[in-house]
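The values are calculated or read from the model by the stated rules, or taken from the named source; none is laboratory data. Bear in mind the structure is a predicted one, so any value in this text is a computation, not a measurement. Quick reminder, even Gly has a Cβ in these numbers, built from the backbone with ideal geometry, and neighbours come from all protein chains shown. When the accessible area is computed, the model is the full protein with side chains, heavy atoms only, and any ligands, DNA or RNA have been set aside. Shrake-Rupley method; radii C 1.70, N 1.55, O 1.52, S 1.80 Å.
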Amino acid sequence: MNWKVIIRNIGFALLVNALFMLLAVFVSMAGGNDSALAALMISFTITFIVGIFPFIFVRKTTSISLREGYVIITLSWLLSFIFGLLPYVLWGGPFTLSNAIFESVSGYTTCGATILSDVEALPDSLLFWRSATHFIGGLGVVVFLLLLIPESSQMRMRLTNMELSSLSRSSYSSRTTNVVYIFAYVYLALFVLAVVAYCLAGMSFFDAVCHAMAVVATGGFSTKTASIAAFDSYWVEGVTMLFMYLSSIHFGLLYLTVVTRSLKPLGSPIIKFYTVMVLVVAFFLGIGLKTGGFCQGWGESFWDGLFNTLTVSSTTGFANLDNSQWPGWMIVLLLFPAIVCGTTGSTCGGIKSDRALILFKSIARHVNSSLHPSSVNEIRFGRRILRNEEVAPHLLYIGIYMMFILVSMLLALCFGVDFENSLVASVMCLGNVGPGCGELMGSMGCYDSVSNPAKLLFSLDMFLGRVEIFPVLTVLGMIFDKRDR
């Protein structure tokens, strides 16, 4: 394995982090040199030096093997977590080492879970850095790296195929070399539009930028302890719902919609499935909010039901209500969109609506085959027919995903978390949703009260959910593969 090419490419990822740390330094200076200036300056210096080091001493190469690609992806994420926690640890306050690890991983994986009980206590520059980790992680540290690699490079093509799932690439037609640019264009366009929309809705420019970075990354870090509820504005909530939905559907299809000036790309069966799921869950959640006395009118109930369904299905995690007093059936209802979530090719987590639809179609095909053995039963995605070898990996992923939820829940119980929070927090962290349930980890709570081992466990869940498990399993397989020794 060529560690020189691995180190050089990881250096790209660290330089991206250093760039955003430098922007946070400028925010601190613009605010009168707030209390995080020194922490951010030191963090920027360390990250920049370590990131630039390989470009001085390691020769450039354009070749990369399959194994090296998986190591680059895994280590780029892990080292981003490590260097990203430096501003928190150096600033201090509530950021012990375990808290800083949790906050850093939650930011980069766009989970949005936090250990902070008082967000406003942080200086603006550190609030900006929290949101910036969402922005970096939403597009992906590896995708930022790919934007810097020449288009004709075989390295870029191979890393693109590893970083983006096959479902996200096959849902629309485009050359592999263009996929990264398309995703970046849509991501940046959504960010700019979100900033403008939030400003028009009444937010300050600083709040608009931070919330826009969070919403397009389907993250959830807010500049307010009460999250979106702090603004007490239907306009702000409406803008948030719009961009949560847009950011949770395939960026390639959004791109085609704009380029072709037609809504036909949005007629995808996957988007229809996802939209219907959101509307059905929102309808029943709205009924629960009204009958439970959590909202006064039916209009308010269905509005809040849609907001809270979207914030879970898009894995954003913003809050406009306190869910700590909700009955158990409403929490269970939200677990379905929290596991399924949005579509591939977006910034959301979970198993993705694409795989869920494949699962349901596979079940239907099996039932039809049992009832009508002589009939021909196929799994269709629009005009495309999926072969068995295309279906099997996605069903396998769903099985592994559910197994990880079970294992995480059992370990959380061992680490002192109660049963309800063990289950919900495992689902929410592995799906990169964020807030759990109850008074401690609910939509208006935080994860500070859980034990340090539980925080590390949930951090691991976030990482596995963000990279979709297999790259980490592949690297672990390489480590224990006797043929490599």
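List of remarks:
- Nearest-20 debye value, segment 196-290 charge dipole, Cβ charges on Lys, Arg, Asp, Glu: 340 debye
- The listed residues Met41, Met478 rank as Met41, Met478 when sorted by accessible area, largest first, using a 1.4 Å probe.
- Neighbourhood charge, 15 Å Cβ-Cβ cut-off, centred on Leu395 and excluding it, Lys, Arg +1 and Asp, Glu -1: +1
- Amide H contacts of Ile379 (H built 1.01 Å from N, in plane; Pro and chain starts excluded): Leu386 sit under 5 Å, all sequence-distant by 5 or more or on other chains.
- Placing Leu256, Leu386 in order of accessible area, with the largest value first and a 1.4 Å probe, yields Leu256, Leu386.
- In the distance distribution for the chain, Cα-Cα pairs more than 41 Å apart total 15 percent.
- Under 13 Å from the Cα of Lys352 - aspartates and glutamates, other chains or at least 8 residues apart: Glu468
- Here the relative contact order of the chain, from alpha carbon pairs under 8 Å that lie six or more residues apart, stands at 16 percent.
- Each peptide among 208-217, 188-197 gets the average number of other Cβ atoms lying within 10 Å of its residues, and from highest to lowest they stand as 208-217, 188-197.
- Using a Förster distance of 51 Å, the FRET efficiency for Phe419-Glu378 (Cβ separation, nearest 0.05): 0.75
- Whole-Hz Karplus values for segment 5-17 come out as 5, 5, 5, 4, 6, 5, x, 4, 4, 5, 5, 4, 5 Hz, taken residue by residue from phi with 6.51 cos²θ - 1.76 cosθ + 1.60 and θ = phi - 60°; glycine and proline positions read x.
- Overall form of segment 205-357 per C-alpha gyration tensor (a/c, 1.5; a/b vs b/c): oblate
- Residues in the chain average 41 Å² of solvent-accessible surface per residue, probe 1.4 Å, ligands and nucleic acids excluded.
- Of the residues Phe273, Ala338, Gly293, the one whose Cα sits farthest toward the positive end of the charge dipole of the chain, with +1 on the Cβ of Lys and Arg and -1 on the Cβ of Asp and Glu, is Phe273.
- Expressed as a whole percent, the accessible surface of the chain that belongs to carbon and sulfur atoms is 67, based on a 1.4 Å probe.
- Note that segment 309-326 has calculated 3J(HN,Hα) couplings of 6, 5, 5, 8, 5, 8, 6, 7, x, 5, 9, 10, 9, 8, 8, 5, 9, 5 Hz, one per residue in order, obtained from phi through the Karplus relation 6.51 cos²θ - 1.76 cosθ + 1.60 (θ = phi - 60°); glycine and proline are x.
- Residue separation of Tyr185 and Thr225 scaled by 0.36 nm, minus their Cα-Cα distance, works out to 11.3 nm of gained length.
- Contact order, relative form, for segment 255-385: 20 percent (alpha carbon pairs under 8 Å, 6 or more residues apart, mean separation divided by residue count).
- Chain lengthening between Ile49 and Phe360 when straightened (0.36 nm per residue, less Cα-Cα): 106.9 nm
- For segment 102-112, 3J(HN,Hα) computed residue by residue from phi via the Karplus equation (6.51, -1.76, 1.60; θ = phi - 60°) reads 4, 5, 5, 4, 4, x, 5, 7, 6, 6, x Hz, glycine and proline entered as x.
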